[in-house]
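The values are calculated or read from the model by the stated rules, or taken from the named source; none is laboratory data. The model shown is predicted, which means the values in this text are computed figures rather than measured ones. Using ideal geometry, Cβ is built from the backbone for each residue, glycine included, and neighbour counts are taken over all protein chains shown.
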Amino acid sequence: MTDGPARITRDEVAHVARLARLQLTDAELELFTGQLAVILDHAADVATLDLEGVAPTAHAMAVTNVLRSDTPRPGLDRAEVLAAAPDVEEHRFRVPKLLGEAP
Amino acid sequence: MTAAPTATEVASAVRSGTVRAASVLEGHLAAIDAAEAGIHAFNLVTREQARNDAAAVDAAVDAGHDPGLLAGVPVALKDNLCTRGVPTTCSSAILAGWRPPYDATVVTRLRRAGAVVVGKTNMDEFAMGSSTETSATGPTRNPHDLGRVPGGSSGGSAAAVAAGFAPIALGSDTGGSIRQPAALCGVVGMKPTYGTVSRYGLVAFASSLDQVGPFARSVADAALCFDVIGGHDEADSTSLNRPTPRVLSVLDDGVEGMTVGVLAEFLDGADPVVVARARAAAEALAAAGARVEEVSVPEVALALSAYYLIAPAEASSNLARYDGVRFGLRVDADDTVAMNTATRSAGFGAEVKRRIMLGTYALSAGYMDAYYGKALRVRTLIIEGFARAYQRCDVLLGPTTPTTAFPLGAKVGDPLSMYLSDVCTIPTNLAGHPAISVPFGTDDAGLPVGVQLLAPALAESTLFRAAAVVEAAAPDAPGRGGGTT
């Protein structure tokens, strides 16, 4: 066994929410901090195991180097794809400004 | 619930020209009209397209062509399977109204076999849940008791099959999302070996765990559907490029000489009635000629914790695509990052937000080794534990779920208690193995109990042979007096 990580704090939940592009209300922050702490406490049985020498498994049925033949073929219909977008301009996805205005 | 025909019966009658696909469809649409308002199995019933598809099947029969193995069989699709031009929402506000520009491979294969899609079924939002209560369109109710959950996340598909809305439905199973609702609704539900059924067009939740599979009212129907949807697909880079087991042809081969291991860890903590049903199913296999013994795979006790680190980690990455740019909801804001944040905050429900944050945290600097890294190593231990058991056993047996269907609202405020309802199904997802839930009687209140069979990777034939024997011995099997309620 090893020491597990420290209990998740409200500030950490707020930080993680920012990373995940989620804006939480104070009430949500409070609720999620408590709930995530309970879930992570349960996960302590994994987090505290000494697993030195055990290889990780990311895929149970791993297959590698999957390549199709390099033959041109039609992709998705552009008009159909763009029709599903929230905002479009000249066959492109349109978004608000990405960077702050130049000084 | 009803005396509705099986898929095998429908396909056989339609192919031989004795029954019209159109009349089969109208019968099922009438069943939907009669009971759907109280159940809410569907997000969308595709009535007109279904009528056109059924007419095309009848026209093929009239022209002397064979429409295929599922000729005229109504099927319901979980609403995370892409259908070209038909809304696919994952029961999330962030995808409300989205019409995919392509069909999932499994949808294409069902249609080519003559199946008639009747609608898109309700689910937990993005398949995150075990009760169908996290759906943005409201919960589905269990057809056996409208005050109880159907299980989840594929609760709409399970309920649709149980209620006689369709003989077959497709679901997806990341941690039990086919088998658990199948058990709670009293139908058959099967999770194939990872990589045997294409994930192309399945909206991703946890890509190393997600697998599409069938719901049906009989093991034979589930086998028929698996044979139709399985097989290599070059559009899915995780699809296994090797022959997929064909299972319909081996259903009657029996279990003589098989060794069945009753998995001790799955019996621990399960309700006594569920344990009793599992033991009775094991006895039925013994009576049919199998050798039955108790086995222990202690590593599965770690599966729940590993799963709730791995699945959210993968989900946090997969769900990054819902950013308000290319499809789905957009909530306007001054700049793109603010727009992304406003869109995701408004579009995702609480359980999805919880899992995205859990996964982001498990992958974040300083915690990745302790959480995600450890979980991947535990996954190795679980695979090794199963491998040990399968040196002695051909199949393993245990409950599908620790309890029968629980009341609506009973677990929504306590995520961990909800997660624990998947404790018997999660280990096979981590191992990539196939498993099936078969109805096996009821509890004292008349609620269905499911028995789960597990097999090694690509041993679907063994799995289905054992499932057929369990089904034939079930207390409410046809010809055994009980009948369905």
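For segment B:14-61, the candidate set comprises residues that are free of Cβ contacts under 8 Å to residues at least 12 places away in the same chain and within 27 Å of the chain's Cα centre (by Cα); within that set, the residue that is nearest to B:GLY72 (Cα to Cα) is B:GLU26.
For segment B:293-314, a residue qualifies if it is within 8 Å of chain A (Cβ to nearest Cβ) and buried (at least 24 other Cβ atoms within 10 Å of the Cβ), and the qualifying residues are B:SER305, B:ALA306, B:TYR308, B:LEU309.
When restricted to residues that are within 12 Å of chain A (Cβ to nearest Cβ), within 17 Å of B:GLY324 (Cα to Cα) and of a type in the set (A, V, I, L, M, F, W, C), segment B:78-95 contains 2. Test B:LEU70 against the criterion of being among the aliphatic types (A, V, I, L, M) and in a loop (DSSP other than H, G, I, E, B), and give yes or no. Criteria met by B:LEU70.
Suppose the filter is closer than 26 Å to B:ASP124 by Cα and at the interface with chain A (Cβ under 7 Å from one of its Cβ atoms); does B:ARG379 pass it? The answer is yes for B:ARG379. Consider segment A:71-82 and keep the residues that are at the interface with another protein chain (Cβ under 9 Å from one of its Cβ atoms) and in a loop (DSSP other than H, G, I, E, B). The one that is nearest to B:LEU430 (Cα to Cα) is A:LEU76.
Across segment B:307-358, what is the total count of residues that are touching a residue at least 60 places away in the same chain (Cβ under 8 Å), outside any helix (DSSP H, G or I) and over 18 Å from A:VAL13 (Cα atoms)? The total comes to 4. Scanning segment B:243-275 for residues that are within 23 Å of the chain's Cα centre (by Cα), part of a loop (DSSP other than H, G, I, E, B) and either within 14 Å of chain A (Cβ to nearest Cβ) or in contact (Cβ under 8 Å) with a residue 60 or more places away in the chain (or both) gives B:THR244, B:PRO245, B:ARG246, B:VAL247, B:ALA270, B:ASP271. Filtered by the rule that a residue be surrounded by fewer than 21 Cβ atoms within 10 Å (Cβ to Cβ) and under 21 Å from B:ASP210 (Cβ atoms), segment B:104-135 gives a lone residue, B:THR108.
For segment B:181-220, which positions are assigned to a strand (DSSP E or B) and out of contact with any Cys (no Cβ under 6 Å at 6 or more places or on another chain)? Passing the criteria: B:VAL188, B:GLY189, B:MET190, B:LYS191, B:VAL197, B:LEU202, B:VAL212, B:GLY213, B:PHE215, B:ALA216. Of the helices (runs of 4 or more DSSP H) lying entirely inside segment A:1-70, the ones with 2 or more residues being within 30 Å of B:PRO192 (Cβ to Cβ) and within 7 Å of chain B (Cβ to nearest Cβ) are found at A:26-42, A:44-47. Looking only at residues of segment B:280-292 that are in a helix (DSSP H, G or I) and more than 24 Å from the chain's Cα centre (by Cα), we find that the one that is nearest to the other protein chains (Cβ to nearest Cβ) is B:LEU285. Restricting attention to segment B:382-410 and to residues that are within 13 Å of B:LEU184 (Cβ to Cβ) and out of contact with any Lys or Arg (no Cβ under 6 Å at 6 or more places or on another chain), the residue that is surrounded by the fewest Cβ atoms within 10 Å (Cβ to Cβ) turns out to be B:ALA410. In this structure, B:TYR367 does satisfy being under 17 Å from B:ALA313 (Cβ atoms), in a loop (DSSP other than H, G, I, E, B) and not small (Gly, Ala, Ser). Going by the conditions given, is A:ALA85 within 7 Å of chain B (Cβ to nearest Cβ), at pLDDT below 95 and buried (at least 16 other Cβ atoms within 10 Å of the Cβ)? No; evaluated as a whole, the condition is false for this residue. The residues in segment B:338-370 that are at the interface with chain A (Cβ under 7 Å from one of its Cβ atoms) and at pLDDT below 95 can be counted, and the count is 3. Within segment B:80-99, being part of a loop (DSSP other than H, G, I, E, B) and at pLDDT 95 or above holds for B:ASN80, B:CYS82, B:ARG84, B:GLY85, B:PRO87, B:THR88, B:THR89, B:CYS90, B:SER91, B:SER92, B:TRP98, B:ARG99. Suppose the filter is exposed (fewer than 14 other Cβ atoms within 10 Å of the Cβ), within 8 Å of chain B (Cβ to nearest Cβ), of a type in the set (Lys, Arg) and over 28 Å from B:TYR372 (Cα atoms); does A:ARG94 pass it? Against the criterion (exposed (fewer than 14 other Cβ atoms within 10 Å of the Cβ), within 8 Å of chain B (Cβ to nearest Cβ), of a type in the set (Lys, Arg) and over 28 Å from B:TYR372 (Cα atoms)), A:ARG94 does not qualify. Within segment A:5-19, residues that are closer than 17 Å to A:ALA43 by Cα and among the hydroxyl-bearing types (Ser, Thr, Tyr) reach partners that are assigned to a helix (DSSP H, G or I) and modelled with pLDDT of 95 or more with beta carbons closer than 8 Å, at six or more positions or on different chains, in the pairs A:THR9/A:THR33. Evaluated against (1) under 20 Å from B:GLY151 (Cβ atoms); (2) touching a Phe, Trp or Tyr at 6+ places or on another chain (Cβ under 7 Å); (3) facing another protein chain (nearest Cβ under 7 Å), B:PRO415 falls short on exactly one condition, (2). Applying the condition of being farther than 13 Å from B:LEU396 by Cβ and in a loop (DSSP other than H, G, I, E, B) to segment B:436-456 and asking which residue is nearest to the chain's Cα centre (by Cα) yields B:LEU447.
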